[in-house]
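J.: Supplied in structure tokens, the structure appears directly below.
Just so it is clear, none of the values below were taken in a lab; they were calculated from the coordinates. Here the structure is a predicted model, which means the values were calculated and not measured. Note that each Cβ is placed from the backbone with ideal geometry, even for glycine, and that neighbours are counted across all protein chains shown.
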Amino acid sequence: MTREQTKTLILASPRGFCAGVERAIKIVERALDKFGAPIYVRHEIVHNKRVVDDLAAKGAVFVKELDEVPEGGYVIFSAHGVAKAVHKRADALNMMAIDATCPLVTKVHLEAGKHVKKGRHILLIGHAGHPEVIGTMGQVAEGEMTLIETVDDALAFTPPDDSALAFATQTTLSADETAEIITILQHRFPEISGPQGEDICYATTNRQNAIKALAPDIDYLLVIGAQNSSNSKRLVETGLNAGVGAAMLAADAAALDFDALDKASRIGLSAGASAPEILVEEVIETLQARYQLAIRHQNFIQETMHFKLPAILSE
């Protein structure tokens, strides 16, 4: 195929970085400026290779566990949040720990603690193995929280010792799928306590709703994001569930599926909350080199959320 093909590209808005991701990246950059390299970061600060590589080039050292950090070193915890045991371990090793946990994840952690103090067993709706789920389950003692991944899990769950119940959710889930699970839990356990407001973050909801609004106007959805990014995967699922004929999650321009794109005429382009806009720009440039491209901009909603940096970096 050549540039003889004409296609319409509609850029979803909002897309890309959310306030929590922007804050986490800024925390690493500010720490490097204030304390100098190396600054250690436990796990990926956010789920995006380009972001991690850029910060590594500036002096950030990404590690799997605290054992890889020199005693007394500066260490940053990722935006996904960590278990209480990780904080205690950092203290025991005399590390200067800086917490980049998204404030919306921290809200879930705090509410989990309140539920336990009130004697409630917590049902956490989320995906096993995701860093945010590991961190949230690590806020309470073993046995005080049960992971609910699916509708079947919600239907099969049996409360321990007829205890009072509460539920919480991972912040990056499908809003529709999560609502179905919550409905089942509330029907089965009418007295179950829920969160103060939504646990699913505003950015996840906004990006999913933007794609739902876009779906009738496109026949192919392209989402830029990492394969280990929960919110990016949910955007692809949202598009397919909303009726888009085909959808793909691509890490960057090099990962584009041109066999599928050649068959599409109206392409929607979005990006997960941890994907930088430079990746979107590179994809647009790649598409423009291959097709005659008419570009349109969706303006679904404007985001104004902003989170403050930790006091140690804002002084």
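J.: Fewest Cβ neighbours within 10 Å first, please rank Ile278, Ile267 accordingly.
T.: Taking fewest neighbouring Cβ atoms as first place, the list is Ile278, Ile267.
J.: Convert each backbone phi in segment 153-159 into a coupling constant with the Karplus relation 6.51 cos²θ - 1.76 cosθ + 1.60 (shift: θ = phi - 60°), then list the ³J(HN,Hα) values in order as whole Hz, x for Gly and Pro.
T.: Calculated HN-Hα couplings, in order: 4, 5, 6, 8, 4, 10, x Hz.
J.: For a quick check of your reading of the filter: which trypsin sites (Lys or Arg not before Pro) in segment 1-63 sit in a DSSP loop and have no more than 14 other Cβ atoms within 10 Å?
T.: Loop-located and lightly packed - Arg3, Lys58.
J.: On to the next question. Hey, can you grab everything whose amide H is under 5 Å from the amide H of Leu165? Only 5+ residues off in sequence or another chain; H modelled, so Pro and N-termini drop out.
T.: His121, Ser193
J.: Among Lys263, Lys308, rank each residue by its count of other Cβ atoms within 10 Å, from fewest to most, as a rough exposure measure.
T.: Result, fewest neighbours first: Lys308, Lys263.
J.: If the cut-off is 22 Å between C-alpha atoms, which lysines fall inside it for Lys212, apart from same-chain ones fewer than 8 positions away?
T.: Lys7, Lys233, Lys263
J.: Could you list the GluC sites (Glu not before Pro) in segment 65-103 that lie in coil according to DSSP, counting only those with at most 15 other Cβ atoms within 10 Å of their Cβ?
T.: Those that pass, being in a loop and sparsely packed, are Glu65, Glu71.
J.: Within segment 98-138, list the trypsin sites (Lys or Arg not before Pro) lying in a DSSP loop whose Cβ has at most 13 other Cβ atoms in a 10 Å radius.
T.: Lys118
J.: Leu124's amide H: which non-local residues (gap 5+, or another chain) put their own amide H closer than 5 Å, with H modeled 1.01 Å from N in plane and none for Pro or chain starts?
T.: It is Thr146, Leu147, Ile148, Ala168, by chain and number.
J.: Could you give the distance between the Cα centres of segment 63-82 and segment 141-174, to the whole Å?
T.: The distance from the Cα centre of segment 63-82 to that of segment 141-174 comes to 29 Å.
J.: Using amide H atoms built 1.01 Å from N in the peptide plane, name the residues 5+ places from Ile10, or on other chains, whose amide H lies under 5 Å from its own.
T.: Amide H to amide H, under 5 Å and 5 or more residues apart or across chains, Ile10 pairs with Ile267, Gly268, Leu269, Arg296.
J.: If you plug each phi of segment 105-117 into the Karplus form 6.51 cos²θ - 1.76 cosθ + 1.60 with θ = phi - 60°, what whole-Hz ³J(HN,Hα) values come out, in order, with x for Gly and Pro?
T.: Each residue's phi maps through the Karplus curve to give 6, 4, 4, 5, 4, 5, 5, 4, x, 5, 4, 5, 4 Hz.
J.: Name the shape class, rounded, prolate or oblate, that the alpha-carbon gyration tensor gives for segment 168-315, where a ≥ b ≥ c are the square roots of its eigenvalues, rounded holds for a/c under 1.5, and otherwise prolate holds if a/b is larger than b/c and oblate otherwise.
T.: oblate
J.: If we count other beta carbons within 10 Å of each Cβ, what is the order of Asp217, Asp161, fewest first?
T.: So the residues, fewest neighbours to most, are Asp161, Asp217.
J.: Identify all aspartates and glutamates with a Cα-Cα distance to Lys107 below 17 Å; exclude those on the same chain that are fewer than 8 residues away in sequence.
T.: Within the straight-line cut-off, Lys107 pairs with Asp99, Glu132, Glu198, Asp199.
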